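Notes follow the structure.
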Amino acid sequence: MKLAEKISVLLFDIDNFKGYNDSYGTPGGRPLLAGGRQGDRDATSNTSGLSARYGGEEFAVVLPNVCEDDA
């Protein structure tokens, strides 16, 4: 296994999601989460990176061998 020489980690969340979800309920919030999930998948396409939802509306993207400017 070769270790990455550099690594970038992106963390993001959907602003004001709790208020939206409280107003419109879980069925209303699902499309927003799906959009966030698709965004983190797109960020890792054609890479050895990985992405995950790690909280209510928080997402993480790990990009091995990607510098800060490219991330």
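If you scan the range 1-41, which residues turn out to be assigned to a loop (DSSP other than H, G, I, E, B), at pLDDT 75 or above and of a type in the set (D, E, K, R)? Break it down stepwise before answering.
First, the residues of the range 1-41 that are assigned to a loop (DSSP other than H, G, I, E, B): 1-6, 14-16.
From what is left, the residues that are at pLDDT 75 or above are 5-6, 14-16.
Passing the criteria: E5, K6, D15.
Which ones in the range 48-69 are more than 30 Å from D22 (Cβ to Cβ) and modelled with pLDDT under 85? Answer for the range 48-69, where residues must be more than 30 Å from D22 (Cβ to Cβ) and modelled with pLDDT under 85: S48, G49, L50. Applying the criterion of being surrounded by 10 or more Cβ atoms within 10 Å (Cβ to Cβ) and charged (D, E, K, R) to the residues of the range 10-32, the residue that is farthest from the chain's Cα centre (by Cα) is D22.
The values are calculated or read from the model by the stated rules, or taken from the named source; none is laboratory data. Every value quoted in this text rests on a predicted model; they were computed, and no experiment measured them. For neighbour counting, all protein chains shown are included, and Cβ atoms are generated from backbone atoms with ideal geometry for every residue, glycine included.
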